[in-house]
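The values are calculated or read from the model by the stated rules, or taken from the named source; none is laboratory data. Being a predicted model, the structure only gives us computed values, none of them experimental. No Cβ is skipped: glycine too gets one built from the backbone with ideal geometry, and neighbour counts run over all protein chains shown. When the accessible area is computed, the model is the full protein with side chains, heavy atoms only, and any ligands, DNA or RNA have been set aside. Shrake-Rupley method; radii C 1.70, N 1.55, O 1.52, S 1.80 Å.
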Amino acid sequence: MPSDAKILIVDDHEDTLYALESALSPLGYRLGRATGGDEALKEVLRGQVALLVLDVRMPGVSGLDVVRYMRRVEQTQHIPVILLTGFGPDTELTATAFALGVADLLMKPVDPWALRTKVRYLYEAQQRHQNLERELRDLRARVREHQPGTDPPRHPRTP
């Protein structure tokens, strides 16, 4: 599915970024990278990000902080996020992440096959959602063009 939208990979460790890029490159999607939460937020706000693969614990702005901010901004609140953690199972983290609406929480080291499968599904679902949103806007614009300044016709009630 050709698109300009990219998958943004965010981690503060260069070796992890490289491993994630290597795992996702066979999908053929455009990939971007960021090494911190601030950089990730700037990239997301510029647009054209369809999905985030985001480390939870980073210096400065954490992955959870990024998600919290994204969920408050209309243009970014529906972007799917896969969070990654290297600190093992943590029920508080899991509860917080899913309460924020993340799509998944994966433990490092990540299984490349599982990551590709999840990313493919989420990316394509996001693209379908964006296409439907675009079609809906177009349809609404067409309706307004055909009925400028008028209310839709009312049907008389029959007794």
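In the stretch 70-128, which residue that is over 15 Å from the mean Cα position of the chain (by Cα) and among the acidic types (Asp, Glu) is most open to solvent (accessible area, probe 1.4 Å)?
Residue satisfying both the conditions and the ranking: GLU92.
Consider only pairs whose beta carbons are under 8 Å apart and that are at least six residues apart or on different chains; among these, list those whose first residue lies in the stretch 65-77 and is in contact (Cβ under 8 Å) with a residue 24 or more places away in the chain and more than 14 Å from ARG46 (Cβ to Cβ) and whose second residue is open to solvent by 30 Å² or more (accessible area, probe 1.4 Å) and outside any helix (DSSP H, G or I).
Note: pairs meeting the criteria are VAL67/LEU100; VAL67/GLY101; ARG68/LEU100; ARG71/GLN77; ARG71/LEU100; ARG71/GLY101.
Output the residues belonging to the stretch 40-61 that are buried (at least 17 other Cβ atoms within 10 Å of the Cβ) and under 21 Å from LEU115 (Cβ atoms).
ALA40, GLU43, VAL44, VAL49, ALA50, LEU51, LEU52, VAL53, LEU54, ASP55, VAL56, MET58
Give me the residue from the stretch 1-39 that is among the polar types (S, T, N, Q) and exposed (fewer than 15 other Cβ atoms within 10 Å of the Cβ) and, out of that set, farthest from GLY60 (Cα to Cα).
Here is the first cut: in the stretch 1-39, the residues among the polar types (S, T, N, Q) are 3, 16, 22, 25, 35.
From the residues that got through so far, the ones that are exposed (fewer than 15 other Cβ atoms within 10 Å of the Cβ) too are 22, 25.
On the way: SER22: 26, SER25: 28 Å.
Per the criteria, the residue is SER25.
So which of VAL81, VAL66 is more than 22 Å from TRP113 (Cβ to Cβ) and among the aliphatic types (A, V, I, L, M)? Before you say what the answer is, go through the steps one by one.
Working: VAL81 fails: more than 22 Å from TRP113 (Cβ to Cβ).
Just a single option satisfies the conditions, and that option is VAL66.
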